[in-house]
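Below: one structure, written as structure tokens.
Read-outs throughout are calculated quantities, based only on the coordinates presented, and are distinct from any laboratory measurement. This one's a predicted model, so the numbers in the text were calculated from it and none came from an experiment. Ideal geometry is used to build each Cβ from the backbone, glycine not excepted, and the neighbour counts take in all protein chains shown.
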Amino acid sequence: MKGTMIGYLFLSIVFSAFAQTPCNLTTTKGQLGDGRATLTIKNNCIVPLTAFAVTSSSVIGSRRSASRMYRDFAMTPMQPAIAPGGQKVLVFGIKGSAMVRAELRAGIFENGTVFGDPDWVQMLLRRRAYYVETIDAALKVLQQPLAQDGSREVLVQRLVTLRDALLLESRPSSGDGSEPPMELTPQIRELFVEETAPLKAANLRFVSAHDRGECTRQVFTMLVRNITQVTTRRDGSPMILSDLVNDLVSILNGRRLGVLKSHPAMPVL
């Protein structure tokens, strides 16, 4: 299932990329004068930009930090995509930081055209696949009779148990059987320097494992928060658990469909 989902995402991008007019992104770098830096991404395509990946690094005192940033509007529909001809200004670093560096790695457009490093394009696609797989796992729990007929506490416990299992499964492997540190900085830092293809692939696999964990947290945090906190409707009347579960199922199905619709060539599984 996991390999199939990622495979469909990859194939849909490849075929649609050849079928569409080439699109591209341009970036402009700037300084704010207080140690922070800006990266402006401009969409030069005739269709919206729906996802992009950026890596950044900076030095604060004697400590160097590095991170990656994703924006995927198929996964976060509340945020608007970057319109044709539009641009997005991103700010990196904190006041007093130095040697701030940010690089656009990849982008995906609404018509399926891709831009940038193919490896980072795959990172964006894997995130979408992980997100859909996490939603599917959560839906299986929510759609069981016990989810609507039991108590909120029981339902939360079942979701937390599933979440923890998925997080354990997503932990990156060190290759020697030991548990690697969860800190991403060394792997991200290596992506800024000249490196061999095997080293880059190993670092990206490590980062991708973290991406999977983040998708898991994103879905289950939303579910647990709503189940534990939403006890009344907007009109003040009690929120019955079965109605709340139905609402959450509808939300998850809508988000799932939103990701799948961003790849018209991919069948809905």
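Annotation for Val160 and Arg217: the two label points, set 7 Å from Cα along the Cα-Cβ direction, are 1.7 nm apart.
A simple count of charges around Phe220, restricted to other residues whose Cβ falls under 14 Å of its Cβ and scoring Lys, Arg +1 and Asp, Glu -1, yields +2.
Greater than 26 Å separation of Cα atoms is the criterion. Which listed pairs, Lys42/Lys261; Lys95/Lys200; Lys88/Lys140, meet it? Provide the component values of the computation, followed by the final result.
On the way: Lys42/Lys261 24 Å; Lys95/Lys200 31 Å; Lys88/Lys140 37 Å.
Violating the 26 Å Cα-Cα cut-off are Lys95/Lys200; Lys88/Lys140.
When the trypsin sites (Lys or Arg not before Pro) in the stretch 65-164 are filtered for DSSP coil states and for at most 16 other beta-carbon atoms within 10 Å of their beta-carbon, the remaining sites are Lys95. Kindly state, to the nearest 0.05, the FRET efficiency for Ala197 paired with Val91, given R0 = 25 Å and r defined as their beta-carbon distance. E(calc), rounded to 0.05, equals 0.20.
In this simple spin-label approximation, Gln229 and Asp119 carry label points 7 Å from Cα along the Cα→Cβ vector, and these lie 3.9 nm apart.
The local environment of Pro238, defined by Cβ-Cβ distances under 15 Å, has a net charge of 0 under the rule Lys, Arg +1 and Asp, Glu -1.
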